[in-house]
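K.L.:
Supplied in structure tokens, the structure appears directly below.
The values are calculated or read from the model by the stated rules, or taken from the named source; none is laboratory data. On a predicted model such as this, the values are computed, not experimentally measured, just so you know. Cβ sites come from the backbone with ideal geometry, for glycine too, and all protein chains shown count toward neighbours. Areas reflect the complete protein model, heavy atoms only, side chains present, ligands, DNA and RNA absent. Shrake-Rupley method; radii C 1.70, N 1.55, O 1.52, S 1.80 Å.
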Amino acid sequence: MPKKISSLQNSRVKYILQLSEKTKRRKAEGVFVIEGRRELSLAIKGGYEIQSLFYDPTLIDELNIKDYMTEKTDVSLISSKIYNKIAYRGSTEGVIAIAKNRTHTLNDLDLKSEEPLILVVESAEKPGNVGALLRTADAAKVDAVIIANPKTDFYNPNVIRSSVGGVFTIPIATASSAETIDFLNEKKIAIFSAILQQSEIYDKVNLKLASAIVVGTESTGLSQKWHSAACKKIRIPMMGLLDSINVSVAAGILLYEARRQRKFSI
């Protein structure tokens, strides 16, 4: 039988809120919050361990909850008042979970393709942008995403929400820019840095071989390390009055050009 929680002052309710709001608490506990049926299903499919489930029986019944639990999962039935308090995006899906973190080092990446396509993002700061980048990377079915010098963590609720669960579908790693460059060079993966100055139009370069497409922030672009490490500097032509586009849009254009050259084989 699931436990019943009806008080907003319950310690478990406060715990979920702290995990949602505080990066330090997520890192210290090694767990994070997942909200939504699709996101939860993708996390389970991706091998994440679901430690606790909280559900509102007015929105989802106990029979459906069983799809998201194992014998080790702690299950709690919560009131609609509590669900509305802890639901990050105000959805009506009725289920929230606490899951165990996974490690995301370069050594954890298992590149099965002989000619992998990798997206590297340097100093990604806004959770919404990180989520959009992961969603774009999933759509292009990249072999891995590497966040160099990360400014936010993958388990920020806004990353999970804006990625629509893409954080669970792609091999992801974090490292410094220097470590990432060393990794790519060791794996003989060509580096294509998105840089406006002294660069070639993106569709004029060969992206068929093992490739890492590297994008930076809209405000500062890529650091000098990526200028020096690039085998090619590439750019997307800006034909209007503005000199930049959203980083996830830029990544999508570049990744799909790589897929076009590879005749969309995956």
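K.L.:
Of all residues in region 169-186, which are in contact with a strand residue (DSSP E or B) (Cβ under 9 Å, 6 or more places away or on another chain) and not in a helix (DSSP H, G or I)?
P.N.:
I170, P171, I172, A173, T174, A175, S176
K.L.:
Tell me the residue from S176, S211, S193 that is within 21 Å of the chain's Cα centre (by Cα), in contact (Cβ under 8 Å) with a residue 12 or more places away in the chain and exposed (fewer than 15 other Cβ atoms within 10 Å of the Cβ), please. Before the answer, list the steps.
P.N.:
Values: S211 fails: exposed (fewer than 15 other Cβ atoms within 10 Å of the Cβ); S193 fails: exposed (fewer than 15 other Cβ atoms within 10 Å of the Cβ).
After ruling out the rest, the residue left standing is S176.
K.L.:
Among what's in region 129-153 and is more than 22 Å from E21 (Cα to Cα) and among the β-branched types (V, I, T), pick the residue that is most open to solvent (accessible area, probe 1.4 Å).
P.N.:
My answer is T136.
K.L.:
Would you check if V205 is in contact with a Phe, Trp or Tyr (Cβ under 9 Å, 6 or more places away or on another chain), surrounded by 18 or more Cβ atoms within 10 Å (Cβ to Cβ) and in contact (Cβ under 8 Å) with a residue 60 or more places away in the chain?
P.N.:
Working: in contact with a Phe, Trp or Tyr (Cβ under 9 Å, 6 or more places away or on another chain): yes; surrounded by 18 or more Cβ atoms within 10 Å (Cβ to Cβ): yes; in contact (Cβ under 8 Å) with a residue 60 or more places away in the chain: no.
No: the conditions fail for V205.
K.L.:
To continue, here is another question. Any idea which of E71, E29, E62 is open to solvent by 30 Å² or more (accessible area, probe 1.4 Å) and at pLDDT 95 or above? Show your work before the answer.
P.N.:
Working: E71 fails: at pLDDT 95 or above; E62 fails: at pLDDT 95 or above.
Result of the check over E71, E29, E62: E29.
K.L.:
In this structure, is Q51 within 14 Å of I98 (Cβ to Cβ), open to solvent by 20 Å² or more (accessible area, probe 1.4 Å) and assigned to a strand (DSSP E or B)?
P.N.:
Values: within 14 Å of I98 (Cβ to Cβ): yes; open to solvent by 20 Å² or more (accessible area, probe 1.4 Å): yes; assigned to a strand (DSSP E or B): yes.
Taking the combined requirement at face value, the residue satisfies it.
K.L.:
While we're on this one: So, N149, is that one of a type outside the set (V, I, T) and within 23 Å of R37 (Cβ to Cβ) or not? Please lay out each step first, then the result.
P.N.:
Values: of a type outside the set (V, I, T): yes; within 23 Å of R37 (Cβ to Cβ): no.
No; evaluated as a whole, the condition is false for this residue.
Here is a yes/no grid of residues against (1) touching a Leu at 6+ places or on another chain (Cβ under 8 Å); (2) on the phi > 0 side of the Ramachandran plot; (3) open to solvent by 60 Å² or more (accessible area, probe 1.4 Å); (4) not in a loop (DSSP other than H, G, I, E, B):
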| site | (1), (2), (3), (4) |
| --- | --- |
| V167 | yes, no, no, yes |
| S219 | no, no, yes, no |
| W226 | no, no, no, yes |
| K233 | no, no, no, yes |
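K.L.:
Looking only at region 84-126, how many residues end up being part of a helix (DSSP H, G or I) and open to solvent by 30 Å² or more (accessible area, probe 1.4 Å)?
P.N.:
Looking only at region 84-126, we keep the residues that are part of a helix (DSSP H, G or I), and these are 84-86, 106-108.
Still in the list and also open to solvent by 30 Å² or more (accessible area, probe 1.4 Å): 84-85, 107-108.
Total meeting the criteria: 4.
K.L.:
Same structure, new question: Looking at the structure I just gave you, is L17 within 13 Å of I98 (Cα to Cα) and in a strand (DSSP E or B)? Break it down stepwise before answering.
P.N.:
Numbers: within 13 Å of I98 (Cα to Cα): yes; in a strand (DSSP E or B): no.
No, not satisfied.
K.L.:
Within region 1-14, how many residues are open to solvent by 20 Å² or more (accessible area, probe 1.4 Å), not small (G, A, S) and not in a helix (DSSP H, G or I)? Give the derivation first.
P.N.:
Step one: of region 1-14, the residues open to solvent by 20 Å² or more (accessible area, probe 1.4 Å) are 1-4, 6-12, 14.
With the extra rule that they be not small (G, A, S), the set shrinks to 1-4, 8-10, 12, 14.
Checking the rest, the ones that are also not in a helix (DSSP H, G or I) come to 1-4, 8-10.
Looking only at that region, the number is 7.
K.L.:
Among the small types (G, A, S) and farther than 22 Å from L106 by Cα: does that describe G165?
P.N.:
On the way: among the small types (G, A, S): yes; farther than 22 Å from L106 by Cα: no.
In short, no.
K.L.:
Filter region 236-250 down to residues that are surrounded by fewer than 18 Cβ atoms within 10 Å (Cβ to Cβ) and either in contact with a strand residue (DSSP E or B) (Cβ under 6 Å, 6 or more places away or on another chain) or closer than 23 Å to G128 by Cα (or both) and give me whichever is modelled with the highest pLDDT.
P.N.:
So, considering only residues that are surrounded by fewer than 18 Cβ atoms within 10 Å (Cβ to Cβ) and either in contact with a strand residue (DSSP E or B) (Cβ under 6 Å, 6 or more places away or on another chain) or closer than 23 Å to G128 by Cα (or both), the one modelled with the highest pLDDT is V249.
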